[in-house]
Amino acid sequence: MSEKDVVLKAENIHKSYSGNNVLNGISFEVKRGETKIICGPSGSGKSTVLRCLNLLTRPDEGHVWLEGTEVTSASTDINKIRQKIGFVFQEFNLFNHFNALRNVSIGLEKVKGVKKDEAKKIALEQLARVGLQEHAHKYPAELSGGQKQRVAIARARAINPVIIFYDEPTSALDPQLIGEVLEVMKGLAKERVTSLVVTHEMGFAQSVGDEMLFMVDGRIVERGPPQELIMRCKYDVTKKFFESIQELYGREK
Amino acid sequence: MATVWEYLPYMLGGVIWTFGLVGGGLALGFGIGLPMGMGQVYGGKATKAPIHAYIWFFRSVPLLVLLFLFYWGIFPASGFKLDPLACSIVVLGLRSGAYQSQIFRGSVECVGDGQLMAARTLGMSKFKGIYHIVLPQALRIAIPGWANEYAIMLKDSAICFALGVLEILTRTRYVVMATMESLLPYLIAGVVFIILTYGGTKIINVIYERTKVSGLIWRM
């Protein structure tokens, strides 16, 4: 595996909020085409990791590289970097005043400078890929949670990023809507779209995850292929976590 | 002696002046209030402190005191010569700016952090994110509060009779002096204000309905 195949590299990320250590030295790499899963109990710093990687939150210490460019360097234009990172939020955060189509095309138009017609065309293609071309003219408030999240994935994909971050993309959804979002995500993972996924969906992790990082108290305490990690975790805290999840969701087939 | 009705066209001519006061005051207040409201949400301490002091001042001093202070005090002392109408518009605008900033602060906060954050993840600068994503939503949310500001400003504008601006109340008082009648002229003035308040807020409500985003209920 050469250096070129590493899309994202994080080294020794630290973050604290008013003396409270949230991240205590996080290091990992994401290779091209890989789907990396981050999981761990609530408050372990999973979302903060994602936010530190694209500087939505500035880490106190540590370095991040995206395709060899240091994200954390003061001379790097962070807006350029963020155009290469798709971001899918737990709460969707679709632009309320735009219809689905414009939600997807706005980034192309206003950030990448793509002409309006061309941006529309690309946006429609992206909506079609998540099965929502017929809903292109609906506003976020007229869409179900699952549809909203699929629009959000189309929006993240439209700017043609090199990696997609998912921050608990199904946690705000009703159980019957989770499936449609996971289907889209699985499809992308199978196409080898590089992604970093914070999730508790163990079925998803096991079927398409290449590696899983398990976080506790701002540290990565275990890592490995999801299947193995879930079956043979070393620590009690990891074991307990997986047991409680299985109890909640039922054993994954 | 002429009757009150003969003076009616003269009295109604004051509506134009009242519109000038209200229109000018609201526009100036918008120009001041919008950036101040944004500053209160997105600015640092150095931005927030002077804005806070400004708002505190203009909300604490009565309008009549402000009018006299600026017309007889601040403008002459600083070498400006403003006529009563211009001075009244400036004072109404400065004061409305303080109130409007609170309308816009509230509406920007109502849009929520997630919207700007999502814009930033697409690679938009903070300015672009505010301009394309936050402001269009915040301005829509602000419309009902703004209708209220119009209604208040309309009635406050009558105080400018104290500087002799030829708006509705000033003209009504001249008619009272000319006809020696009080009841009818003041009654007419009252009705004119009712019509202007009703009509204006109605129009703003139509704008609100027209710009409403389909299916969306704002969490106010």
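The values are calculated or read from the model by the stated rules, or taken from the named source; none is laboratory data. Computed from a predicted structure; not experimentally measured. Please note: Cβ atoms are built from the backbone with ideal geometry, for glycine as well, and neighbour counts cover all protein chains shown.
Scanning the range A:136-147 for residues that are within 12 Å of chain B (Cβ to nearest Cβ) and either among the hydrophobic types (A, V, I, L, M, F, W, C) or crowded, with 17+ Cβ neighbours inside 10 Å (or both) yields A:K138, A:Y139, A:P140, A:A141, A:L143. Against the test of being at pLDDT below 90 and under 30 Å from A:G19 (Cβ atoms), the options A:D236, A:D217 yield a single qualifying residue, A:D236. Could we say that B:I143 is more than 19 Å from B:L28 (Cα to Cα), within 14 Å of another protein chain (Cβ to nearest Cβ) and in contact (Cβ under 8 Å) with a residue 12 or more places away in the chain here? No, not satisfied. Annotation for the range B:146-157: no member residue is closer than 30 Å to A:D167 by Cβ, hydroxyl-bearing (S, T, Y) and touching a Gly at 6+ places or on another chain (Cβ under 9 Å). In the set (1) within 21 Å of B:S125 (Cβ to Cβ); (2) without any contact (Cβ under 8 Å) to a residue 40 or more places away in the chain; (3) more than 11 Å from every other protein chain (Cβ to nearest Cβ), A:V162 fails one condition alone, (2). No other residue among A:R129, A:R102, A:R155, A:R82 is closer than 30 Å to A:I38 by Cβ and more than 8 Å from chain B (Cβ to nearest Cβ) apart from A:R129.
Step by step: first the residues of the range A:86-99, then only those that are facing chain B (nearest Cβ under 7 Å) and in contact (Cβ under 8 Å) with a residue 60 or more places away in the chain, then the one that is surrounded by the fewest Cβ atoms within 10 Å (Cβ to Cβ). Which residue is that? This residue is A:E91. The set of residues in the range A:216-250 that are assigned to a helix (DSSP H, G or I) and among the acidic types (D, E) comprises A:E228, A:D236, A:E243, A:E247.
In the set (1) hydroxyl-bearing (S, T, Y); (2) surrounded by 14 or more Cβ atoms within 10 Å (Cβ to Cβ); (3) at pLDDT 95 or above, the condition left unmet by B:S60 is number (2).
Looking only at the range B:167-193, which residues are surrounded by fewer than 19 Cβ atoms within 10 Å (Cβ to Cβ) and not in a helix (DSSP H, G or I)? The answer is B:M180, B:E181, B:S182. Taken over the range B:80-116, the criterion of being of a type in the set (S, T, N, Q) and more than 14 Å from chain A (Cβ to nearest Cβ) is satisfied by B:S88, B:S96, B:Q100, B:S101, B:Q102. I'd like to know if the range B:100-110 contains one or more residues that are at pLDDT below 95 and out of contact with any helix residue (DSSP H, G or I) (no Cβ under 9 Å at 6 or more places or on another chain). No - not one qualifying residue is present in the range B:100-110. All conditions but one from (1) surrounded by 19 or more Cβ atoms within 10 Å (Cβ to Cβ); (2) over 17 Å from the mean Cα position of the chain (by Cα); (3) polar (S, T, N, Q); (4) within 13 Å of another protein chain (Cβ to nearest Cβ) apply to A:N54; the one that does not is (2). Within the range A:105-126, the set of residues being more than 11 Å from chain B (Cβ to nearest Cβ) and hydrophobic (A, V, I, L, M, F, W, C) comprises A:V114, A:A119, A:I122, A:A123, A:L124. Being buried (at least 16 other Cβ atoms within 10 Å of the Cβ), among the acidic types (D, E) and at pLDDT 95 or above is true for just one of A:E211, A:E201. Which residue is that? Just one listed residue meets the conditions, A:E211.
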